[in-house]
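Each remark here refers to the structure printed beneath this line.
The values are calculated or read from the model by the stated rules, or taken from the named source; none is laboratory data. Here the structure is a predicted model, which is why all the values come from computation and not from measurement. Cβ placement follows ideal geometry from the backbone for every residue including glycine, while neighbour counts extend to all protein chains displayed. Side chains are part of the model used for accessible areas, which takes the heavy atoms of the whole protein and leaves out ligands, DNA and RNA. Shrake-Rupley method; radii C 1.70, N 1.55, O 1.52, S 1.80 Å.
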Amino acid sequence: MLKVGLTGGIGAGKSEVSRLLVACGAVLIDADRIAREVVAPGTPGLASVVEAFGEEVLRADGSLDRPRLGAIVFADADRLATLNALVHPLVGARSRELEEAAAEDAVVIHDVPLLTENGLAPLYDLVIVVDAAPETQLDRLVRLRGMTEEDARARMAAQATREQRREIADILIDNDVPLEELEQRVKDVWDDLVRRARAPRPSPEE
């Protein structure tokens, strides 16, 4: 099994890269998706979030109002740290369960938005960073996700810098390119990952 960490700044196009890798044959473990699962209605995770932030972060149907919670935590570093301390252990435990269920020869892609911020690079055999210029990220967040420019900038500022992400990259995927170029780049990366997965691993004694 080859364990790969995949990350990138918000709006960099990490989700598109993960989709292309899955199409090639990767097993995807999506931390964002798991983060939603662990705070679904009726879960201990949601109860702990409500205890910390109040019932104002709930929708009328009892589900988590993610935009409202996001507006609270991304404007306050301490409250963001509180949320992360509640959710990240739950996400980590579920991610390990899914990894253990994958085939022994699988290429497992861990899609982790905050991989850089949380110092998680050592957990993986290698790290892929999806990179885009800040102005590209901002444009995508405003134009495609409907964020206000203020909210988009706050989300970007709450994450690691572009330079910090690039420093931990074993493989860097430039996503300031047309989709056709991105698709070819991901295919090339996939071929490299498959070669690495099949390469003999040194024994602990070596």
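A few remarks follow.
- D (Stokes-Einstein, µm²/s), Kirkwood Cα radius, the chain, 0.890 mPa s at 25 °C: 135 µm²/s
- Estimated 222 nm signal from helices in the chain, with DSSP H stretches of n ≥ 4 weighted -39500 (n - 2.57), rounded to 500: -15500 deg cm²/dmol
- Segment 93-133-segment 34-62 distance, computed between alpha-carbon centres (Å): 25 Å
- Under the Debye formula (equal points on every Cα, no solvent term), log10 I(q)/I(0) of segment 43-132 at q = 0.17, 0.20 Å⁻¹: -0.89, -1.06
- Volume per residue for segment 120-191 equals 100 cubic angstrom (convex hull of Cα atoms).
- Restricting the calculation to Cα atoms, every distinct pair contributes to the Kirkwood radius of segment 30-77, found to be 11.0 Å.
- Within the chain, the longest segment free of exposed loop sites, counting trypsin sites (Lys or Arg not before Pro) that fall outside DSSP classes H, G, I, E and B and have at most 15 other Cβ atoms within 10 Å, spans 60-144.
- The 3J(HN,Hα) values that the Karplus relation (6.51, -1.76, 1.60; θ = phi - 60°) gives for segment 134-141 are, in residue order, x, 5, 5, 4, 4, 4, 5, 5 Hz. Gly and Pro appear as x.
- Within the chain, antiparallel bridges make up roughly 5 percent of the DSSP beta bridges whose residues both belong there.
- For the chain, the solvent-accessible area works out to 55 Å² per residue, with a probe of 1.4 Å and every protein chain left in place.
- Divided by 2.2 N^0.38 Å, where N counts the residues, the Cα radius of gyration of segment 1-80 comes to 1.34.
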